[in-house]
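Some notes on the structure that comes next.
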Amino acid sequence: MANTYKWTIYALDAKVAVEDGNENVVYTVHWGLSATDETGEHSVNSIGTHGVEYDADNFTAYADLTEEQVIGWLESGLDVDSMKANLDAQIEKLVTPTETTFHSPFATIVEETPAVEEETPAEETP
């Protein structure tokens, strides 16, 4: 089964200014990685944060930063193969479950009886 993966960048934490004068220097990426099976019926995700080291020699101004560049930081700094394997295993459990949960198995079911409306006597006209 071939799953499809998609990164989502939820937020970027940045320093307003650093000593050398650069502004809006990203230091943390808040990310999500989702996987969807080939049928589109099952989807799972993982979320997290990833710290980014400031490199003055390779700095990209926030206005010039692209989603692809930030995803590149994630893919070079995280164990993406392990993350994808974990997502694949979660999807497999959805496709072929090996466990279940029985919610409130011993709860007493209370049947509601419909409320009876009292009839209001019609007013008599003289």
Discussion item. I'd like to know if segment 69-82 contains one or more residues that are at pLDDT 95 or above and not in a helix (DSSP H, G or I).
Written reply: yes
Response to the item:
Scanning segment 73-96 for residues that are surrounded by 13 or more Cβ atoms within 10 Å (Cβ to Cβ) and among the β-branched types (V, I, T), the one farthest from G40 (Cα to Cα) turns out to be V80
Item to complete: Those residues that are surrounded by 14 or more Cβ atoms within 10 Å (Cβ to Cβ), not hydrophobic (A, V, I, L, M, F, W, C) and not in a strand (DSSP E or B), I need them from segment 18-45; list them, please.
Response: N22, D37, H42
Worksheet item: So how many residues does segment 55-72 have that are among the hydrophobic types (A, V, I, L, M, F, W, C) and loosely packed, with under 11 Cβ neighbours inside 10 Å?
Response: 2
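Quick one: would you say N3 is closer than 29 Å to Q90 by Cβ and out of contact with any Phe, Trp or Tyr (no Cβ under 7 Å at 6 or more places or on another chain)? Show your work before the answer.
Numbers: closer than 29 Å to Q90 by Cβ: yes; out of contact with any Phe, Trp or Tyr (no Cβ under 7 Å at 6 or more places or on another chain): yes.
So N3 passes the test.
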Worksheet item: Looking only at segment 1-17, which residues are part of a strand (DSSP E or B) and hydrophobic (A, V, I, L, M, F, W, C)?
Response: W7, I9, A11, L12, A14, V16, A17
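The values are calculated or read from the model by the stated rules, or taken from the named source; none is laboratory data. The model shown is predicted, which means the values in this text are computed figures rather than measured ones. Here the Cβ is made from the backbone with ideal geometry for all residues, glycine too, and neighbour counts use every protein chain on show.
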